[in-house]
1. Working out 0.36 nm times the residue gap between His706 and Ile8, then minus their Cα-Cα distance, what length gain in nm do you get to one decimal?
2. What shape does the range 260-311 have by the C-alpha gyration tensor, where a ≥ b ≥ c are the square roots of the eigenvalues, rounded means a/c under 1.5, and otherwise prolate means a/b greater than b/c and oblate the rest?
3. Quickly rank 184-192, 635-643 as a protection proxy: mean count of other C-beta atoms within 10 Å, highest first.
4. Heavy atoms only, probe 1.4 angstrom, no DNA, RNA or ligands counted: give me His93, His62 ranked by accessible area, highest first.
5. For the pair Ala331 and Gln781, what calculated FRET efficiency results from E = 1/(1 + (r/R0)^6), where r is the Cβ-Cβ distance and R0 = 22 Å, to the nearest 0.05?
6. Measure off, as a whole percent, the carbon and sulfur share of the 1.4 Å-probe accessible area of the range 795-850, all protein chains present.
7. Per-residue accessible area for His885 at 1.4 Å probe radius, Å² rounded to 10?
8. Would you calculate the separation in nanometres between label points at Arg615 and Thr919, each defined as 7 Å from the Cα along the Cα-to-beta-carbon direction?
Amino acid sequence: MAEDQIVINATTFFDRLSRFYASWKADKRSGADALFGGVGSTVVLAGKAEQESSYQKNNALHFWLLGYEFPATLMLFTTEAFYVVTTAKKAKHLENLKDGKIPVEILVVTKDQESKTKAFEKCLDIIKGAGKKVGTIAAKKEPTGPFVDEWKKAFGDLSKEVQEVDISPALSIAAFAVKDENELLAVRTASRACGGLVTNYWVEEMANVLDSEKKISHAALSQKMEAKIDDAKFFKKMSKMPSDFDTQQLEWTYGPVIQSGGKYDLRFSAEPDNENLHSGTIIAGLGLRYKTYSSVVARTYLVDPSKSQVANYKLLLAAHEAVLSEIKDGALVKDIYNKALGVVRSKRPELEKNFAKNVGAGIGIELKDSSFVLSGKNTRTLKDGMTLSVTTSFADLTNDKPQDSRGKIYSLLLTDTVRVPSRNDKVAVFTKDAASDMDSVEFYFKDEEEPTPKKDKSKKAVASSIATSNIKSARLRGADRKDAGKEVEESRRRENQKNLAMKKQKEGLEKYAEATGGQNGTAQKQFKKFESYKRDNQLPLRVKDMIVWVDTKASTVILPIMGRPVPFHINTIKSVSKSDEGEYTHLRFNFLAPGQGVGRKDDQPFEDPQAHFIRSLTVRSKDTDRLADVAAQITELRKSLSRREQEKKELEDVVEQEKLIEVRNKRPIKLPDVYVRPAQDGKRVPGEVEIHQNGVRYTSPMRNDHVDVVFSNIKHMFFQPSVGELLVILHLHLKNPIMIGKRKTKDVQFYREATDMAFDETGNRKRRHRFGDEEEFEAEQEERRRRAELDKQFKKFAEQVTEATKELNIVADVPFMEISFFGVPFRSNVMMRPTTDALVQLTEPPFTVITLEEIEIAHLERIQFGLKNFDMVFVFKDFHRTPAHINTIPVEALDAVKDWLDSVDIPYTEGPLNLNWATIMKTVTADPHQFFVDGGWTFLRTDSDDEDASQESEESAFEMSDAELAESEESSEEDSEFDDDASADEGEEDSEEEEEGEDWDELEKKAKKADMNGLEEDDDRGKKRKR
């Protein structure tokens, strides 16, 4: 770099130097001197510049403090000041460090020997005065050069009087290990470059070499990849690179190293040999340095692997995941290694001897920080902000089915660069762009070369354009293995569902062992009677006038009949109609009576077959205004009564909770600054939740009333962290509804927004002077910290609620984010999240909480080829409860939904149409005993066996030879009758047949017959071409 381009950031220098001094002084004050060994001064010596830059503790300290390496320079640290001995040319770049918060003294030396002697003597006097212990760096490769030799000569006599202490571990812990945001950004950028090289270049290059069977050496492949670092366009195309990415600051720190064919060196010092790439186990490793900060990545690729190789790689993945799961703030290094070793011991103890003695080390300016080697003996503690290279490996494994002699011995290696997170966060894998899952590292080339087995002569070889596409997809790499796995999983799932269905049928027969008799499974309906007045003196005084009178207090209409006032309760009146004829106005009263045969309220039985009922009655009057007023009063009375009945019905299941017993002898545990849903009336302001002796209480600073929930009324408690959401939530699902204001609810939710507008720095001075990825990275860090803190608060509060409810065993259930799916339980399309005990939607009201124990069976509707969505219906064990519907679930989630239902032992069925569940449940509740005697829920799965059989026959019909496949591919476009127009015509015919109301089975038979005819015609044409 040109001299005029060197600019040392004084702010960064003093921030980092202050951090180093603070650790040093704290270690001295503690009296233990565990970290710095009681040194009073520290000497860091840099020799002459070398052609190949090596990064060790001495020059790493230069990069950390100054951003550049200053060769032939001596740094002397005391707890009071910082001294630098260097040449005049270098000293001018250090001038801006003077007059800082830590004294910096620059001692300039020239070619004159006297200036060096004078500077060195001053340094020796400072070391003497600081104490009898001086800190030095014991490096594997000592610095060299005239400047170093002269210092060693001057220090020789003093070294007898003072004790040298190696402070390499102190530099690692106090300086290099925990990275600031700029350092983390550099490591992340280097990691993205590594991942991009592997994903966007190496995988394709390797596949092309293997596919074309080229003979190319490991060294040649490594050189091609090494040259890629100069391709600026390649790195600019990477989407995740920062806008100010500078390829000039990118350099190699490890490799690249390509290894295969039985010879593997898993160390960072490995070099590629001149052997040709072998189609077996291939290991690719590389490391890049950006702005002096390193990142490494290594992947193992398996070409046509044996079953034992696949199993061993899966074990390596499990050990790797175990390491990543343990990496967090406060974790002991030895526990991380022992966790990985425990996975190996529990699954394959015989492979313990092949497992590495460590699983990585610290990484940063140094490629490998020896103070943080992740071994079983290292007792150091990880801290938030550290970066590690995580390396799990098995060396010298034996392949039970090798392709050749070079494939008999193989090794497995997996390396990632990660960031140590806080206790509540997941580890950040910076090199995740380079995929390491089984599907990404497995390649199959042998399948394409093997001849297709001869098929049974008894089977007809039929083909079509549809079959051809299916066969081609099965011939892709790894597709046959995936299909086989899916078939095995589907078979296991089908068998489990069959057992669950039999168990459910047996339970139903046992539960409803006796016939329900004439009541048909429900209580006998009673004739409704209404009483307006108990005595005559309760009638209104106006009845003496023999007029139509509406008594709103008694909810009664009094009509004059035969000179006597006759009261009719408003519930007996079905409707009132007014009509004008000449000078008279007629008011017709229609009454509710049994046997009317129309109307939704016609459910009243005949109590007495001999009784007579008045269906309608008409009064007339010349007082038009009077009857119009009566009609309006009756209508209003009916509305108000209907409203009261509805409110009464809604409040039927509202149970008055026991009184909350407040904590008196101490302050209650609180969760501050949270909101409640359903929201209280008035202005929206945050309140706080308190834990009392037998429940929780939410109080708002703007209101006098509060929301109490007793523990005995809590059915489920859910804690939903802010991962992928805008809210962090603590949700209480209740056994019985409570009233919040005027609202009845079975769900009470306490939440807080995970994003805060108060942290937005739009337009302020800080933002105007900071652009690009640094600002984005800082914002990401801030939001991550804020979210982690919120999750921590809510999780801790949920645990405290669990602690307060030991007898009731209320545990916070956390939704499983990875198996969530979209659906419409009400009107909005929301994310449905399974938990251990329920299926929930807690983000958007109205909330959905479906308890798994209460589900009788699940039915999947609209399962048809070509539809993008399907529906799911849950039938509850309480047959009088309305089934729950979750509509418009994407068909991509079908397998995941089936797997989840099967895993929680919920029997499910599927069908092509939406069913009328109101009618079905009416049939079930009418006589449950007879329902289960007739087969129970088997009517929902009547076609399943037939469908399976038809699928098997169709698949077997598509078995073809390679020759037939080639002919079918050539002639599919010319001769196939299944062209676009034909498909459209068939679709129109099918839709017309559906409109005509043909049976589903008939339609299926017709379609199958048409398909088979078309397939045979295609086959005949193929045979003619052969002749």
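The values are calculated or read from the model by the stated rules, or taken from the named source; none is laboratory data. Fair warning: this is a prediction, and the values are worked out from it, not measured in the lab. Cβ placement follows ideal geometry from the backbone for every residue including glycine, while neighbour counts extend to all protein chains displayed. Side chains included, ligands, DNA and RNA excluded: accessible areas come from the protein's heavy atoms. Shrake-Rupley method; radii C 1.70, N 1.55, O 1.52, S 1.80 Å.
1. 245.3 nm
2. The shape class here is prolate.
3. 184-192, 635-643
4. My answer, sorted largest first, is His93, His62.
5. Efficiency, from the Cβ-Cβ distance: 0.60.
6. Roughly 52 percent of what the probe reaches on the range 795-850 is carbon or sulfur.
7. Approximately 70 Å² for this residue.
8. The answer from the label model is 2.9 nm.
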